[in-house]
Amino acid sequence: MFRLNLTGAVERIDLPDGAWLDCEPLDYDVVLEVYRAVEPDETLDDMSRRLAARVVRGWGGIHDMGSDQEVPFDAALIPDMMRDPTVCSRFFIRYARRAFALADEGNGSGPSPNGASAAGSHTARTASGSTASDARPARTQSAAKGMTEAPSGRSRQPKRKPSGA
């Protein structure tokens, strides 16, 4: 089932141990803008951190390791939270990857009998004036390995007379 967020409600991403992130509804344009801003030497984690800074609007169940007190949402702490590989990968999988679902799935067309990615007509016309009998046989496996077959009538060279005879 496909769900379209027409209400603009936040999207909740569940994290381990009962924590969660509240994010803006998925917007392909925002994801693409962040993706295009990534420098060549940056990683997917860097892109995820940038994207999280743009779309995360709240969280819950996040605790300080030292005091075990719940940490109230603070946008300035998003980069620190995204340094955790579990949080970073979960965010990317549940949020950003959906924006690239079309690329993951291909063009949405199944295979067709004529080999094109979408069922349709052939693109090449048949050759005029040729018949199946004009075609040469395909090379055999032994010929592909460098072993020659007997030459065809078209490729035979006439025998030469020995010199000095």
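Full extension of the chain between ALA76 and HIS63 yields a length gain of 3.1 nm, computed as 0.36 nm times the residue separation minus the alpha carbon distance.
Based only on other Cβ atoms within 10 Å, what is the fewest-to-most ordering of TYR28, TYR95, TYR35?
Going from sparsest to densest Cβ surroundings: TYR28, TYR35, TYR95.
Label-to-label distance for ASP84 and ASP46 is 2.4 nm, based on points extended 7 Å past Cα in the beta-carbon direction. Distances between placed amide hydrogens fall under 5 Å for TRP59 paired with ASP22, PHE73, all partners being 5 or more residues away or on another chain. Summarising the label geometry, the points placed 7 Å from Cα in the beta-carbon direction at VAL38 and ARG139 lie 4.1 nm from one another. Note on the range 11-105: semi-axes of the ellipsoid equivalent to its C-alpha gyration tensor, largest first and rounded to whole Å, are 24, 14, 12. What does the charge count near GLY60 come to, summing +1 for each Lys or Arg and -1 for each Asp or Glu among other residues with Cβ under 11 Å from its Cβ? Overall, the nearby charge balance is -2.
As a proxy for reagent exposure, VAL87, VAL30 were ordered by neighbouring Cβ count within 10 angstrom, fewest first; the result is VAL30, VAL87.
Label-to-label distance, ARG97 versus LEU6, with points set 7 angstrom from Cα along the beta-carbon direction: 2.9 nm. When MET81, MET65 are sorted by how many other C-beta atoms sit within 10 angstrom of their C-beta, beginning with the fewest, the order is MET65, MET81.
FYI, it's all coordinate maths here, none of it is from the lab. Quantities reported herein were computed from a predicted structural model and do not represent experimental measurements. All Cβ positions, glycine included, derive from the backbone under ideal geometry; neighbour counts span all protein chains shown.
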